[in-house]
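Asks: The structure follows.
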Amino acid sequence: MARTATPSKIDKASRYRCWQSHSSPAGDVKRGEVRLGSDPVVTAAPAYFVLDSVLPHEEPSVWQGIVDQDEEREQERQAILEQVARENAVTLTVELVRARDDFVAEYFRGRPALIRKGSVAVADDPVALANAHHFEPVD
């Protein structure tokens, strides 16, 4: 969601709303108070005010700096991750095996099972490894 930045220049005739309660040498202001730009509390701490026409969900947030910093760090982390990954490019392959005949596997998903002829498995599947003599490579 886009946030409205605090005004860089205060118009003394415009109305400004405080988006965060604060104290300044000119006085204390509560969130939501509306003051003219000529008010000493507005000129003393303009970063705490937005134009009164700004919708509440567009006001700055005390958390926005932290969120922006976190997003920046995440972008940096992603860039490093991508660079390292590109230096370690791999092509994934899978070796498949097919059962030559029906056989009983002592352990398949927690219990004995009849593995049917023609069943296909990944070559390093525990059932294929334990019963290698029942399997042949798939071309």
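The values are calculated or read from the model by the stated rules, or taken from the named source; none is laboratory data. The shown structure was predicted, so the numbers you read here are calculated from the model rather than taken from an experiment. When we count neighbours, we look across all protein chains shown, and the Cβ atoms used for this are built from the backbone with ideal geometry, even at glycine.
Asks: Against the conditions (1) under 39 Å from the mean Cα position of the chain (by Cα); (2) surrounded by 13 or more Cβ atoms within 10 Å (Cβ to Cβ); (3) not acidic (Asp, Glu), where does Arg98 fall short? Just the number, please.
Replies: Tallying (1) under 39 Å from the mean Cα position of the chain (by Cα); (2) surrounded by 13 or more Cβ atoms within 10 Å (Cβ to Cβ); (3) not acidic (Asp, Glu), Arg98 fails exactly one: (1).
Asks: In this structure, does Pro60 turn out to be exposed (fewer than 10 other Cβ atoms within 10 Å of the Cβ), under 30 Å from Ser8 (Cβ atoms) and modelled with pLDDT under 90?
Replies: no
Asks: Next up: Could you go through the stretch 19-38 and let me know if any residue there is touching a Gly at 6+ places or on another chain (Cβ under 9 Å) and over 30 Å from Asn131 (Cα atoms).
Replies: yes
Asks: Checking Thr91 against (1) hydroxyl-bearing (Ser, Thr, Tyr); (2) under 30 Å from the mean Cα position of the chain (by Cα); (3) over 30 Å from Ala130 (Cα atoms), which test does it fail?
Replies: All conditions pass for Thr91, except number (3).
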